[in-house]
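Q: Okay, here's the structure, questions in a sec.
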Amino acid sequence: MADAGEIASPVQELLDEVHERIGEITDGSVATYIPALGKADPKLFGLALATRDGHVYESGDTGVPFTIQSVSKPFVYALALHDRGLNAVLRKVGVEPTGEGFDAIRLEAGTGRPLNPMVNAGAIVTASMVDGDDWGQRFQRILDGLSAFAGRDLSIDHEVLASEERTGDHNRALGYLLRNAGTLDGDVDEALSVYFMACSTLVTARDLAVMAMTLSSGGVNPLTGRRVVGTDTTEHVMAVMATSGTYDFAGEWLLRSGLPAKSGVAGGLAAVLPSQLGIGVYSPPLDARGTSVRAIAACQELSSRFGLHLM
Ligand code: DON
């Protein structure tokens, strides 16, 4: 909201209007399969919009920290592409939609690759492919990389991390399948630790908007002016966000919003309008496929009100 006496811009007014309308939605439920996530307040709702010139419009709870979860996946994919190159990453992780949920137990027949880097199996592999001689260095590379995308130093939520470590057997099972297929090298627990820590990184809706804008602007952070990854990389990442960013909802998502995006089970979502906008949303109640209900509605509404649909 604009301060009293300040003249609100039309963009800010529209954002506030969308925030108010969508805030009335009470559908969905907070994720509990990672028990610590179940403590989130379902009423929280933050909506942020970052522009190429580094302006960030904010409405609602845009400064409340939450764990990034799967919204980390496009950024970790970007770092793996930057560090290893497209062909090396493609040899290990495909780019086809799964038509299945985020935790699908499915590897490509013949190659043993996960189908794409947005599902858990793919992200476990991409997290293991960033630069670093051991898991600690790889995790630091990811934390530094996510921070560069956000334009500030990010940290970890240790309670969520411990909760996911305790209950993460499904992901561990994926790790063992990946190693058995020859796709994941080395110690499975160490690879999983890097993946879990990436998911437990704390961000805000404002951070997600800036991170999305960094992708949208070809890899240059709009706040710091620092180049994080190359333009080829951001093109590849946004393409996979468009086809697989919301898993088995990706088709309808793209049809309705027209924006490449990535969801996370803590209720975060980042969406991009290439070269123009980054959108960050936080609202913990999720639909049955693990996407924030208010984030879906808000992005659809913003897309239609601002005419953002890429197609
Ligand atoms: O691995 C998991 O299950 C979580 N750390 C992340 C899953 C997630 O965010 C799925 N997205 N909607």
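Nothing in this text is a laboratory measurement; each read-out follows from the coordinates by a stated rule. Quantities reported herein were computed from a predicted structural model and do not represent experimental measurements. A quick note on method: Cβ atoms are made from the backbone with ideal geometry, for glycine too, and the neighbour counts reach across all protein chains shown.
Q: So how compact is the stretch 70-199: Cα radius of gyration and Dmax in angstrom?
A: Considering the stretch 70-199 through its Cα atoms, Rg and Dmax are 13.6, 42 Å.
Q: Residue farthest toward the positive end of the dipole of the stretch 70-199, with Cβ of Lys/Arg at +1 and Asp/Glu at -1: which of Leu146, Pro74, Pro97?
A: Pro97
Q: Still on this structure, I have one more. Label point 7 Å out from Arg52 along Cα-to-Cβ: which residues of the stretch 268-311 have amide N under 19 Å?
A: Within reach of a label on Arg52: 271-280, 303, 306-311.
Q: Out of Asp83, Asp27, Asp207, any idea which swings most in a Gaussian network model of the chain, alpha carbons joined below 10 Å?
A: Asp27
Q: For Asp232, put the label point 7 Å out on the Cα→Cβ axis and report which residues of the stretch 82-114 keep their amide N under 13 Å from it.
A: 82-90
Q: Would you compute, from DSSP H runs of 4+ residues alone, the mean residue ellipticity of the chain at 222 nm, taking -39500 (n - 2.57) per run and dividing by the full residue count, rounded to the nearest 500?
A: Value at 222 nm, helices only, nearest 500: -14000 deg cm²/dmol.
Q: Based only on the alpha carbon positions, what is the Kirkwood hydrodynamic radius of the stretch 162-253, in angstrom?
A: One over the average 1/r among Cα pairs gives 15.7 Å for the stretch 162-253.
Q: Now for a separate question. Once the piece of chain linking Ala181 and Asp169 is laid out straight, how much longer is it, given 0.36 nm per residue of separation minus the C-alpha distance between them?
A: 2.5 nm
Q: At a Förster distance of 35 Å, what's the computed FRET efficiency of Thr243 paired with Phe306, Cβ-Cβ distance as r, to 0.05?
A: Plugging the Cβ-Cβ distance into 1/(1 + (r/R0)^6) gives 0.95.
Q: Beyond 14 Å, what share of the Cα-Cα pairs of the stretch 95-163 is found? Please give it as a whole percent.
A: Result: 68 percent of Cα pairs exceed 14 Å.
Q: Another question about this same structure. Considering the convex hull of the alpha carbon atoms of the chain, report its projected area averaged over all viewing directions, in nm², one decimal.
A: For the Cα atoms of the chain, the hull's average projected area reads 14.4 nm².
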